[in-house]
1. Sort out which residues of region 18-46 are surrounded by 10 or more Cβ atoms within 10 Å (Cβ to Cβ) and more than 18 Å from the chain's Cα centre (by Cα), and write them in order of number.
2. Please go through region 68-121 and pick out each residue that is of a type in the set (D, E, K, R) and surrounded by 12 or more Cβ atoms within 10 Å (Cβ to Cβ).
3. Look at residue 124 and say whether it is polar (S, T, N, Q) and either open to solvent by 70 Å² or more (accessible area, probe 1.4 Å) or in a loop (DSSP other than H, G, I, E, B) (or both).
4. Run down 77, 52 and say which single residue is out of contact with any strand residue (DSSP E or B) (no Cβ under 8 Å at 6 or more places or on another chain) and not aromatic (Phe, Trp, Tyr).
5. In contact (Cβ under 8 Å) with a residue 60 or more places away in the chain, surrounded by 10 or more Cβ atoms within 10 Å (Cβ to Cβ), in contact with a Lys or Arg (Cβ under 6 Å, 6 or more places away or on another chain) and β-branched (Val, Ile, Thr): does that describe residue 58?
Amino acid sequence: MLTVVLSYLSLLKLKIKIMKLLIIMTVTFLSGFIVQPNLKLKGTYKVSYDKGLQGYQIEFNDSIYIKRMPDAVTYKGTVSYGKYKIIIRQNAQDNPIEIDNRSVGKDTLLFITKSKSDLSLNMNRGKMIKMK
């Protein structure tokens with residue numbers, strides 16, 4: 001009788017350990033679905049295109065940017081933050097620049113310039129390198 005009770009208790013302890021492990025695994029898995037704070041672009045970046053077009057500097061401050069061309073001309077525009085991508089646009093007549101949200105916070109941001117008339121058409125590619 002004593003061995004039966006002891007084996008039952010050890011089996012109960014094993015079930016409790018398994019349940020704790022399952023709870024920890026479930027909480028860890030579900031914590032990945034919690035909405036994380038949306039990072040904003042801040043700082044100065046040097047823009048260079050893959051096709052050898054003229055580069056420039058761009059300074060981000062939350063939802064606005066200032067683009068400084070090498071000939072000292074500056075442009076201001078807006079930054080729109082979406083769920084998966086960031087869109088940089090000066091006005092409706094300008095080709096938008098699209099950045100993947102997952103690259104925010106890194107020193108190098110890859111971007112794609114889209115066509116203003118057909119957003120599925122990629123006009124150019126390049127990278128923005130953070131300046132220290």
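1. Residues of region 18-46 that are surrounded by 10 or more Cβ atoms within 10 Å (Cβ to Cβ), as a first pass: 18-26, 38-46.
Result: 18, 19, 20, 21, 22, 23, 24, 25, 26, 46.
2. Listed by number, the residues that qualify are 68, 85, 89, 94, 98, 100, 107, 114, 116.
3. No.
4. Details: 77 fails: out of contact with any strand residue (DSSP E or B) (no Cβ under 8 Å at 6 or more places or on another chain).
Just a single option satisfies the conditions, and that option is 52.
5. Yes: the conditions hold for residue 58.
The rows are residues; the columns are (1) among the polar types (S, T, N, Q); (2) farther than 21 Å from residue 46 by Cβ.
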| position | (1), (2) |
| --- | --- |
| 75 | no, no |
| 83 | no, yes |
| 93 | yes, yes |
| 100 | no, no |
| 107 | no, no |
| 116 | no, yes |
| 123 | no, no |
| 128 | no, no |
| 132 | no, no |
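The values are calculated or read from the model by the stated rules, or taken from the named source; none is laboratory data. From a predicted model like this one, the values you see are computed outputs, not experimental measurements. Here the Cβ is made from the backbone with ideal geometry for all residues, glycine too, and neighbour counts use every protein chain on show. For accessibility, only protein heavy atoms count, side chains too; no ligands or nucleic acids. Shrake-Rupley method; radii C 1.70, N 1.55, O 1.52, S 1.80 Å.
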